[in-house]
Amino acid sequence: MKQINSLESDVRSYCRSYPVMLDRAKGPFVYDEYGNKYFDFLCGAGSLNYGHNNPILKKYVIEYLENNGIVHSLDLATKSKEEFLKSFHRNILAPRNLNYKVQFTGPTGTNAVEAALKLARKVTKRNNIFSFTNGFHGVTLGSVAATGNSHHRGGAATPLNGVTFMPYDGYMGKKINTIDYIRRVLEDNSSGIDLPAAMILETVQGEGGINIASTKWLESLQELCHEFGILLIVDDIQVGCGRTGSFFSFEGIEIEPDMVVLSKSLSGFGLPFSLLLMKPELDKWKPGEHNGTFRGNNLAFVTAKASIDHYWTTQELEASIASKSKILRNRIETITRENISNDVEIRGKGMVYGIDCILPEISAAIQDKCFENGLILERCGHVDQVVKFLPSLTISEDELNHGMDILEQSIKEVMTQSDFHKKIEQEIIQN
Ligand SMILES: *Cc1c(COP(=O)(O)O)cnc(C)c1O
């Protein structure tokens, strides 16, 4: 640990919240160097939807390597690539009536976002992009320009431009429909805001505080995009691959994104792997224009295909997410109502939830106490005031309940050993 702190750049972040040396991991658990066990409800910020070292997927990794399967191949044709594409098409796109071409980008989510923004600008010959308050899309220059958080924006140390921020659903409070503002901006040729090439958004803002755009708001936004010839890009990097209860977060909502970005849990095994889905008519790339050495990680093709074949060819996973979602919501509601306050908001769907503690000192105290008691959780929101839950989708109901028991115990300890009740009350009266 001391070595890491002195040798690794100050840019390191997650390891500061959890001062342990991790060693092994299995399913919903991680273990430190002394064998202490922690529930992992951070899950690589949503990169481990099927748990750590998922045994079904691991088998394929070992088998592939044992057979000297090709690991690195630039974007040369490989059997594993074709098999992934076939499975993705047959089991994910076709049953959902989605017609997309697949672009393999560099392995990070932000690189796939860059590809989407570049392509939108290239196809429409417009520069401006609409992004949304509290949106997070990555930290390379194009993506961070579309990211709201000033801490991340500050890291760029160069002017960020080409993006206009629009208010996300609920940004002005429950009574104001922010679509009205966006429509006005687009209709008024003196609004001072250029017609954008695209709008990019998350249907559930993962880093921004588990803010959920309503079905109606999303459908109105889609209408605006159609009316004004604007492309719609859904960033499903964090809440795609089953997190909200269905493979894509926008299923059941009447929108048809022109592009979709996937990464985090796409490989299923925690391996780096990202892609951009685009409507076929948008595929105006020339060969190699959005190049990259690590496009198409063959091991990730293998595990991504295996995770689709295993988890997305039956209704089983979706049904189990629905039932665990109820447990998660009920437990969080009860624990929050009984121990924090009736006025604290709980937001989420599927297996992504957040408790908005209003004050960051409260969310921080809960995070620290949970860690002490063996539960790893991350915080999010504009001042990190939200305690965030991302348990693996494959966790058992017993394990989930056990994790929630640790949460309950920790929140009880935090709330009885502090003056947080008074502080929350004051905060609520002021607002
Ligand atoms: C994590 C994330 C990204 C960036 O992905 P990286 O792999 O960290 O570059 C972009 N958008 C969303 C919604 C994310 O959660």
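A short reminder: the numbers here are calculations on the coordinates, not readings from a lab. None of these values were measured; they are calculated from a predicted model. Neighbour counts run over all protein chains shown; Cβ positions are idealised from the backbone, glycine included.
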- Could I have the simple spin-label model distance between residue 402 and residue 11, label points 7 Å from Cα toward Cβ, reported in nm to one decimal? 3.8 nm
- Item | For region 1-63 versus region 236-260, the gap between their alpha-carbon centres in whole angstrom | 26 Å
- Task: Which order do the peptides 358-368, 168-178 take when ranked by the mean count of other beta-carbon atoms within 10 Å per residue, highest first?
- Result: 358-368, 168-178
- Query: If each residue's Cβ is checked for other Cβ atoms within 10 Å, how do 244, 164, 303 rank with the fewest at the top?
  - Reply: 164, 244, 303
- When the charge dipole of region 59-311 is computed with +1 on Lys and Arg Cβ and -1 on Asp and Glu Cβ about the Cα centre, the Cα farthest towards its positive end, among 173, 139, 209, belongs to 139
- Divide by every residue of the chain the summed helix terms, -39500 (n - 2.57) for each DSSP H run of at least 4, and state the resulting mean residue ellipticity at 222 nm, rounded to the nearest 500 deg cm²/dmol. -12000 deg cm²/dmol
- Message: Please compare each pair in 101/125; 216/264; 81/388; 58/284 to a cut-off of 32 Å on the Cα-Cα distance and tell me which ones are over it.
- Response: 81/388; 58/284
- Write down the Kirkwood hydrodynamic radius of region 59-311, to one decimal in angstroms, obtained as one divided by the mean of 1/r over all alpha carbon pairs. 18.8 Å
- Query: What whole-number value in cubic angstrom gives the convex hull volume per residue for the C-alpha atoms of the chain?
  - Reply: 157 Å³
- Query: Roughly how many whole Å is it from the C-alpha centroid of region 264-336 to that of region 110-171?
  - Reply: 22 Å
- Message: Pairs of alpha-carbon atoms within less than 8 angstrom and 6+ residues apart define the contacts here; what relative contact order does region 59-311 have, in percent?
- Response: 30 percent
- Check: region 59-311 dipole with +1 on Lys, Arg Cβ and -1 on Asp, Glu Cβ, in debye: 340 debye
- Message: Neighbour counts of other C-beta atoms within 10 Å: give me 380, 15 arranged from fewest to most.
- Response: 15, 380
- In nm, what is the difference between 0.36 nm times the number of residues separating residue 189 and residue 431 and their Cα-Cα distance? 83.5 nm
- Query: Taking the Cα-to-Cβ direction at residue 171 and at residue 33 and moving 7 Å from each Cα, how far apart do the two end points lie in nm?
  - Reply: 4.5 nm
- Note on the structure: Length gained, residue 419-residue 215, 0.36 nm per residue minus C-alpha separation, equals 69.6 nm
- Note on the structure: If R0 = 56 Å, then residue 359 and residue 254, at their Cβ-Cβ distance, give a FRET efficiency to the nearest 0.05 of 0.90
- Query: Among the lysines, which have Cα under 18 Å from the Cα of residue 37 when same-chain residues fewer than 8 positions away are ignored?
  - Reply: 26, 369
